[in-house]
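Working notes, structure below.
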Amino acid sequence: MIARRIPDAARDRDTSADDCALDFLCDLDESLWILEDTRRAEGNAFRDAARQRDHINELRRLLRRLHDVLLDWETDALSP
């Protein structure tokens, strides 16, 4: 999915760091697609969860970690 959005010319210059970043992004993207698909099934919607607050707190924790990764990547991209 994500790899298809990157022009071939850009991928020709990829390093192992690019592969690592792309693997991470693809796995994250795939996880979100799986969540979207499974929650369409009867009884899997978030509104049916017994521990909604726990799941919200865990998602907030993960989002903070993802935000830290984004900030690190942006800092690295702006560094000379």
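The values are calculated or read from the model by the stated rules, or taken from the named source; none is laboratory data. These figures come from a predicted structure and were not determined experimentally. Methodologically, a virtual Cβ is constructed for each residue, glycine included, from the backbone with ideal geometry; neighbour enumeration extends over all protein chains shown.
Descriptive notes on the structure:
- Residue pairs whose Cβ atoms lie under 7 Å apart, separated by 6 or more positions or on different chains, with the first residue in segment 62-80 and closer than 22 Å to Ser31 by Cβ and outside the structural domain of Asp18 (by TED's automatic domain parsing) and the second β-branched (Val, Ile, Thr) and assigned to a helix (DSSP H, G or I), do not occur.
- Here the helices (runs of 4 or more DSSP H) wholly within the chain that include at least 2 residues being of a type in the set (A, V, I, L, M), at pLDDT below 95 and surrounded by 10 or more Cβ atoms within 10 Å (Cβ to Cβ) are 16-38.
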